[in-house]
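Colleague: Pasting a structure here, questions to come.
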Amino acid sequence: MARDLEQEARNKALVLEAFDALFNRRDFEAAATYFSPTYIQHSAGIAPGRDGLFSLVRGLTRRYQSSLAVAEGDYVMVHGRFSGGGRPTRIVVDILRIADGRLAEHWDVVQDEPTKAESKSGLPMFGEAFPE
């Protein structure tokens with residue numbers, strides 16, 4: 001089966017726009033158009049469904065940055081950083097399944113971002129430099 005690179009590019013753009021609308025602009029009306037009403041949430045720290053995610057975000061003041069998005073078929077994986085809000089900065093890999101042009105299902109792997117002193121490799125987990 002041949003890969004549809006144009007569709008995969010659209011899926012990446014969809015995920016990045018959805019994350020920006022929800023996490024940075026806090027535009028819940030726009031976000032509702034990107035996240036399926038039957039959205040499945042596998043994250044242990046977030047209540048079920050789209051409503052669980054939106055409820056969590058309403059209580060946050062964090063910002064989202066993405067450094068990489070990879071797509072294969074109906075799946076998109078993004079490497080990002082959630083920062084601000086007086087909480088530890090988190091580095092996250094989000095995996096999303098796209099169905100019918102919307103974010104339908106989500107898994108994640110989350111880790112606190114280490115400082116340079118904490119990093120045994122001496123390399124940052126996100127971007128080219130350690131956070132200030």
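The values are calculated or read from the model by the stated rules, or taken from the named source; none is laboratory data. A quick note: this is a predicted structure, and the numbers were derived from the prediction, not measured. No Cβ is skipped: glycine too gets one built from the backbone with ideal geometry, and neighbour counts run over all protein chains shown.
Colleague: So, in the range 1-44, how many residues would count as being farther than 12 Å from residue 104 by Cα, among the small types (Gly, Ala, Ser) and more than 14 Å from the chain's Cα centre (by Cα)?
Modeller: So the answer is 4.
Colleague: So residue 65 passes all but one of these: (1) surrounded by 12 or more Cβ atoms within 10 Å (Cβ to Cβ); (2) in a loop (DSSP other than H, G, I, E, B); (3) not aliphatic (A, V, I, L, M). Which condition number does it fail?
Modeller: Failing condition for residue 65: (2).
Colleague: Sticking with this one: Does any residue in the range 101-119 that is more than 28 Å from residue 130 (Cβ to Cβ) come within less than 6 Å, Cβ to Cβ, of a residue that is charged (D, E, K, R) and surrounded by 13 or more Cβ atoms within 10 Å (Cβ to Cβ) six or more places away or on a different chain, and which pairs are these?
Modeller: That search, which allows pairs on different chains as well, returns 104/97; 105/97.
Colleague: Can you tell me which residue within the range 5-32, out of those that are farther than 23 Å from residue 83 by Cα and touching a strand residue (DSSP E or B) at 6+ places or on another chain (Cβ under 8 Å), is surrounded by the most Cβ atoms within 10 Å (Cβ to Cβ)?
Modeller: 11
Colleague: Among the residues of the range 1-20, count how many are within 12 Å of residue 74 (Cα to Cα), part of a helix (DSSP H, G or I), of a type outside the set (S, T, N, Q) and in contact (Cβ under 8 Å) with a residue 24 or more places away in the chain.
Modeller: Adding up the residues that qualify gives 5.
Colleague: I need the full set of residues from the range 8-21 which are in contact with a Gly (Cβ under 9 Å, 6 or more places away or on another chain) and either over 16 Å from residue 99 (Cα atoms) or modelled with pLDDT under 95 (or both), in order please.
Modeller: Going residue by residue through the range 8-21, those that are in contact with a Gly (Cβ under 9 Å, 6 or more places away or on another chain) are 8, 10-11, 14, 19.
Hit for the range 8-21 is 19, nothing else.
Colleague: OK, next. May I ask you to list the residues in the range 74-132 that are basic (Lys, Arg) and part of a strand (DSSP E or B)? Let's see the steps before the verdict.
Modeller: First, pick out the residues of the range 74-132 that are basic (Lys, Arg): 81, 87, 90, 97, 102, 116, 120.
Passing the criteria: 81, 90, 97, 102.
Colleague: Also, I was wondering about something else. Could you say whether any residue in the range 22-45 is at pLDDT below 95 and either under 26 Å from residue 131 (Cα atoms) or of a type outside the set (A, V, I, L, M) (or both)? Walk me through it before giving the result.
Modeller: Within the range 22-45, the subset at pLDDT below 95 is 43-45.
Now drop any that are not either under 26 Å from residue 131 (Cα atoms) or of a type outside the set (A, V, I, L, M) (or both), which leaves 43, 45.
Yes; the residues of the range 22-45 include at least one that is at pLDDT below 95 and either under 26 Å from residue 131 (Cα atoms) or of a type outside the set (A, V, I, L, M) (or both).
Colleague: Can you name every residue in the range 21-46 that is among the polar types (S, T, N, Q) and not in a strand (DSSP E or B)?
Modeller: The initial filter retains those residues of the range 21-46 that are among the polar types (S, T, N, Q), namely 24, 33, 36, 38, 41, 43.
24, 33, 43, listed by residue number.
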